[in-house]
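Worksheet: the structure to be examined is printed underneath.
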Amino acid sequence: MKKRSISIVLFVLVILSVLPGCEKVIDLKLDNAQPQLVIYGGLSDRLDNHLVTVSKTYDFTDANRFNGVNGAKVLLKNEEGAIMEYVEVSKGVYQSPKFRGQSGRKYTLDVTFEGKTYTASSTMPGKVPLDSLTFKDFSFFGTKNTYVAANYNDPKGVQNQYRYILTIKGKVQDDAVSEDRFDDGNKISNVIFYDLKDLVHGDTINVEFQCIDRNVYKYFYSLEQNAGGGGPPVAPANPPSNFNNKALGVFNAYSVSKKTVVIK
């Protein structure tokens, strides 16, 4: 039995020594897909110049960049039929005159490019004020981590969806969404799970708190799942856009409140 064991070990070592010499370079053939239009539009209840970006997708092997397009026609309509045209201020970036969206109204965005029109609609929800930001500590595997929590009162009997944009020192660090399916009418303290351990005294944390409609929520929820939010990443897929004609992106009419807290 001892001789047999030695023979098996020698056989395994020989196989392992040969395997590296059997490596074969595999050349992946990545087909270039037809470019698709990507539209991102935001409209809030703040008095502002609202923006729409229009770009095209690019090949997998190209450098990551904003591939904006010139010459699109961007129109915003409300339910009364009033039309507002956006002006191109830089390549692929279109800006509205300064105005304020109104909660409860449905807005429709039309983007026409190369003879084809892409349309999306979004109804601006009522505002839910962000009351405060607080810090919460959690321990994972013996290590204590500190996070910021967004505190607000959810209106009872109304389906609400929320978006939280966390900005630290001028840079967006997290973008998450939630719904009130299990918290209707409650006082909510929603933790944004971005670890604050690297922050120091005097650093500022900003949270933009958006109330968004259901279709916009589905888009950002899908985006979050693709990125591994709340678990391992799922198989990549384009989020469900609210634009027609196979355009990517989303048009988001939202009410908003913001809070800032300083690390002490």
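The numbered conditions (1) open to solvent by less than 60 Å² (accessible area, probe 1.4 Å); (2) free of Cβ contacts under 8 Å to residues at least 24 places away in the same chain are all true for Gln173 except (1). On the given criteria, is Ser96 of a type in the set (Gly, Ala, Ser) and surrounded by 13 or more Cβ atoms within 10 Å (Cβ to Cβ)? Answer is yes for this residue.
For every residue, the table says whether it meets (1) surrounded by 13 or more Cβ atoms within 10 Å (Cβ to Cβ); (2) touching a helix residue (DSSP H, G or I) at 6+ places or on another chain (Cβ under 6 Å); (3) under 22 Å from Gly104 (Cα atoms).
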residue	(1), (2), (3)
Asp154	yes, no, yes
Gln159	yes, no, yes
Tyr162	yes, no, yes
Asp180	yes, no, yes
Lys187	no, no, no
Gly202	no, no, no
Tyr217	yes, no, yes
Tyr221	yes, no, no
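Are any residues in the stretch 140-152 surrounded by 10 or more Cβ atoms within 10 Å (Cβ to Cβ) and more than 21 Å from Gln225 (Cβ to Cβ), and if so, which ones?
Answer for the stretch 140-152, where residues must be surrounded by 10 or more Cβ atoms within 10 Å (Cβ to Cβ) and more than 21 Å from Gln225 (Cβ to Cβ): Asn145, Thr146, Val148, Ala149, Asn151, Tyr152.
Within the option set Leu130, Leu109, being surrounded by 15 or more Cβ atoms within 10 Å (Cβ to Cβ), at pLDDT 95 or above, not in a strand (DSSP E or B) and not charged (D, E, K, R) holds for one residue only, Leu130.
The values are calculated or read from the model by the stated rules, or taken from the named source; none is laboratory data. Owing to the predicted nature of the structure, the values given are computational and were not obtained by experimental measurement. Positions of Cβ are generated from backbone atoms using ideal geometry, with glycine treated the same way; all protein chains shown enter the neighbour counts. The protein model used for the area step is the full one, side chains on, heavy atoms only, and it has no ligands, DNA or RNA in it. Shrake-Rupley method; radii C 1.70, N 1.55, O 1.52, S 1.80 Å.
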